[in-house]
């Protein structure tokens, strides 16, 4: 049989004492096969930010479902947000798509936060300048297209991770953490996402200063069957 | 801290020798917290079925994102499909929503296939009559609202599981399989979904007669942190 398996893991937490995360993340099927992960972070906090990021993600997944290409969907979401809010509200946007027809991962990025690309233990930080959507008309995303091959790891995140620990003078070094993980072992994407998130939360003294979402994609040799699988874990406190 | 954790697992495979699954499944955030799982199965196979089930799921998640209640979203998707196809194309539809505000699971069902509801080891098969959407105007879903409590397990699936093994005279008995699993151990939702799916595939001599999707929701006592997690596993064959 041969073949590969793409594994995507997400870890997501809220700003301390805020029940509503400003980050929205959806994983959707693409009309020609494959999946897309869409992550947006509205640049305020609480309910306002959530409404913005939900509306951005909604717009993007609707367009992707119609077969619109990722870059065009990002530009449309940007123009739409700018037209509605006149540049007063911006949002970061990342789209990761696994295109089974071309055998590539397409990363579309409107986010000053860098992303990390590892091939086995070689880690690159991709920090080419990229602006949020909604700031002006004609905001363009930075698009990277990467062949799907075993050993590939991609890490993207919202700015809660970038700013973790800054308040107390201990900023996070994502690259070093990631290298240490990849050199030590063959971690699952969920282990990578969980480790980065817990490190960020610890740097913020267990009271995150912002919503934090971490997405990790990893390509492995396929060992198992043809079954697609998904798991969601949603912790919550019982209401009295 | 206390509290609970809702875990949702999906296992999904295609009809033998058909690359495109007619089943579409999406997990989306609800605007007031919580998540919804939306599963549709268009009643033909291949690309036509996929287009139908994708359009049904898309319609439903767009309405849910606007705050429309699940039952109303299902009725709207039905009217819309009927109007477009004049009753010639139908689709099953299941929506499972975790509503964190009311602390309930709401199951909205337009699917002749039953669902299973277990409280610890007590398994009930809920098979009240329910019709597919798109058959006529005013198709109503069957709605069940269940308090979220530890030990609750819900299992829903598309008709590929119902019909598994029928061709060779060995129909599947989901209830017995589920009871055996729940009595033996405390299986994770992914283990339950995987076991049911692999049993169905085996009954079809490893060549599934139809697309099969199994969704399992389980409520557990919360042991861990506040982090939301999601994992997606997408196997595929490399193209030459």
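The values are calculated or read from the model by the stated rules, or taken from the named source; none is laboratory data. The structure displayed is predicted, hence computed values, not measured ones. Cβ placement follows ideal geometry from the backbone for every residue including glycine, while neighbour counts extend to all protein chains displayed.
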Out of region B:208-240, which residues are more than 7 Å from chain A (Cβ to nearest Cβ) and within 30 Å of residue A:103 (Cα to Cα)? B:208, B:209, B:210, B:211, B:212, B:213, B:214, B:215, B:240
Which condition does residue B:163 not pass, out of (1) surrounded by fewer than 22 Cβ atoms within 10 Å (Cβ to Cβ); (2) over 21 Å from residue B:93 (Cα atoms), if it passes all the others? (2)
I need the full set of residues from region B:159-171 which are within 13 Å of residue B:212 (Cα to Cα) and outside any helix (DSSP H, G or I), in order please. B:163, B:164, B:165
Restricting attention to region B:103-130, report how many residues are under 15 Å from the mean Cα position of the chain (by Cα), surrounded by 17 or more Cβ atoms within 10 Å (Cβ to Cβ) and not in a loop (DSSP other than H, G, I, E, B). 9
With the requirement that a residue be closer than 20 Å to residue B:159 by Cα and within 12 Å of chain A (Cβ to nearest Cβ), what does region B:86-101 give you? B:96
So which pairs qualify, if the first residue must be in region A:59-72 and surrounded by fewer than 18 Cβ atoms within 10 Å (Cβ to Cβ), the second must be at pLDDT below 95, the Cβ gap must be under 7 Å, and the two must be at least 6 apart or on different chains? A:67/A:31
Being within 9 Å of chain B (Cβ to nearest Cβ), at pLDDT 90 or above and over 30 Å from residue A:199 (Cα atoms) narrows it down to one residue among A:83, A:24, A:62, A:104; which is it? A:62
Qualifying residues in region B:1-19 (those that are within 11 Å of chain A (Cβ to nearest Cβ) and over 17 Å from residue B:214 (Cα atoms)) - the one modelled with the lowest pLDDT: B:1
Could you please let me know if residue B:156 is in contact (Cβ under 8 Å) with a residue 60 or more places away in the chain, in a strand (DSSP E or B), surrounded by fewer than 19 Cβ atoms within 10 Å (Cβ to Cβ) and more than 12 Å from chain A (Cβ to nearest Cβ)? no
Matching residues in region B:34-49 - criterion: being modelled with pLDDT of 80 or more and surrounded by fewer than 23 Cβ atoms within 10 Å (Cβ to Cβ): B:34, B:35, B:36, B:37, B:43
Does residue B:229 meet the test of being surrounded by fewer than 21 Cβ atoms within 10 Å (Cβ to Cβ) and more than 17 Å from the chain's Cα centre (by Cα)? no
Please specify each residue of region A:82-98 satisfying the condition of being free of Cβ contacts under 8 Å to residues at least 60 places away in the same chain and under 11 Å from the mean Cα position of the chain (by Cα). A:93, A:95
Do you know which residues across region A:119-141 are out of contact with any helix residue (DSSP H, G or I) (no Cβ under 6 Å at 6 or more places or on another chain), more than 22 Å from residue A:52 (Cα to Cα) and in contact (Cβ under 8 Å) with a residue 12 or more places away in the chain? A:119, A:120, A:126, A:127, A:128, A:129
Among B:205, B:173, which is surrounded by fewer than 20 Cβ atoms within 10 Å (Cβ to Cβ), away from every other protein chain (no Cβ under 11 Å) and under 26 Å from residue B:38 (Cα atoms)? B:173
Can you spot a residue in region B:181-190 that is at the interface with chain A (Cβ under 10 Å from one of its Cβ atoms), surrounded by fewer than 16 Cβ atoms within 10 Å (Cβ to Cβ), in a loop (DSSP other than H, G, I, E, B) and on the phi < 0 side of the Ramachandran plot? yes
Check on residue A:133, within 18 Å of the chain's Cα centre (by Cα), at pLDDT 95 or above and surrounded by 17 or more Cβ atoms within 10 Å (Cβ to Cβ): yes
